[in-house]
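These notes are about the structure you will find just below.
The values are calculated or read from the model by the stated rules, or taken from the named source; none is laboratory data. What you see is a predicted model, and the numbers here were worked out from it, not measured in a lab. Positions of Cβ are backbone-derived with ideal geometry, glycine not excepted, and every protein chain shown enters the neighbour counts.
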Amino acid sequence: MADTLKVYKGTEVVATAERAEDGTASVTTDGLQAETTYAAGTYQVAFSNESGESGKVDVPEFTTKASASSEPTDVTADPNEDTADVSAQ
């Protein structure tokens, strides 16, 4: 069984990923708020395998990026002979 990286928020595992052959693991955590700073220790990580789990290590402080822009609204199309002019807000 491969090593699995576990991301904890408190006692809850919120994300997991397997360790790659190069010894690293990368994981994406859902449910974060855009443009928010999370203090060191809000999240912790540990590796686990069939032998057990390592000690937890605090994730350093980080700030999430701004969220993507919202979906377009008021979309209109004005068809021409062989094209269309599309606008949106």
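Of all the residues in region 15-32, those that are more than 15 Å from THR64 (Cα to Cα) and touching a residue at least 24 places away in the same chain (Cβ under 8 Å) number 1.
In the set (1) surrounded by 12 or more Cβ atoms within 10 Å (Cβ to Cβ); (2) assigned to a loop (DSSP other than H, G, I, E, B), SER67 fails one condition alone, (1).
The set of residues in region 32-89 that are within 21 Å of VAL14 (Cα to Cα) and more than 20 Å from the chain's Cα centre (by Cα) comprises SER48, ASN49, GLU50, GLY52, GLU53, SER54, GLY55.
For region 1-21, how many residues meet the condition of being of a type in the set (S, T, N, Q) and surrounded by 11 or more Cβ atoms within 10 Å (Cβ to Cβ)? Outline the logic, then answer.
If we filter region 1-21 for residues that are of a type in the set (S, T, N, Q), which is where we start, we get 4, 11, 16.
Keeping just the survivors that are surrounded by 11 or more Cβ atoms within 10 Å (Cβ to Cβ) gives 4, 16.
Residues in region 1-21 being of a type in the set (S, T, N, Q) and surrounded by 11 or more Cβ atoms within 10 Å (Cβ to Cβ): 2 in total.
Which of the residues belonging to region 71-89 are at pLDDT 80 or above, exposed (fewer than 10 other Cβ atoms within 10 Å of the Cβ) and under 30 Å from GLN33 (Cα atoms)? Answer for region 71-89, where residues must be at pLDDT 80 or above, exposed (fewer than 10 other Cβ atoms within 10 Å of the Cβ) and under 30 Å from GLN33 (Cα atoms): GLU71, THR73, ASP74.
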